[in-house]
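Notes for the one structure printed next.
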Amino acid sequence: MVTARHLVVALAVLSSACFGRRGAGLFFLAADTALLTAAIVSATAPPPPRIIYVPEPRPGYAWQPGYWIVQDGEWAWVEGAWVALRPGYAWAPAHWESLPDGTWQLVPGRWVPAGPPP
């Protein structure tokens, strides 16, 4: 079911410059950490991650490291960013995975239920 919120977020994505032309790539992080993505698949492995300064932990936030996307047929770097924590969930960062057919797919960052404290 499409809600008004889905439409607002979709319009924000479509009116932003955060997507690739000709469907080459799309990755957008909305203001309240709603994640929208289209499948980003590449026939070649992504370049190695850039060596960057990782900031000190920030209370109430998780760090999403930078990663590569395919945009207009070229590799483009997405800088790392802080993601506000959600109670009861942990942040699983975006990353690339090799598929059985030899291609690579970007797995978008997502919230996963946090287990009970040890």
Checked the range 68-98 for anything touching a residue at least 12 places away in the same chain (Cβ under 8 Å) and part of a loop (DSSP other than H, G, I, E, B); matches are Asp72, Gly73, Glu79, Gly80, Leu85, Arg86, Gly88, Pro93, Ala94
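Restricting to the range 99-118, what's the tally of residues that are touching a residue at least 60 places away in the same chain (Cβ under 8 Å) and under 20 Å from Ser42 (Cα atoms)? Spell out the reasoning first.
Here is the first cut: in the range 99-118, the ones touching a residue at least 60 places away in the same chain (Cβ under 8 Å) are 103-106, 108-111.
Okay, now just the ones that are also under 20 Å from Ser42 (Cα atoms), so 103-106, 108-109.
Number satisfying all stated conditions: 6.
Quick note: the coordinates plus some simple rules give every number you see, no bench work behind them. Since the structure is predicted, the reported quantities are computational estimates derived from the model, not experimental observations. All Cβ positions, glycine included, derive from the backbone under ideal geometry; neighbour counts span all protein chains shown.
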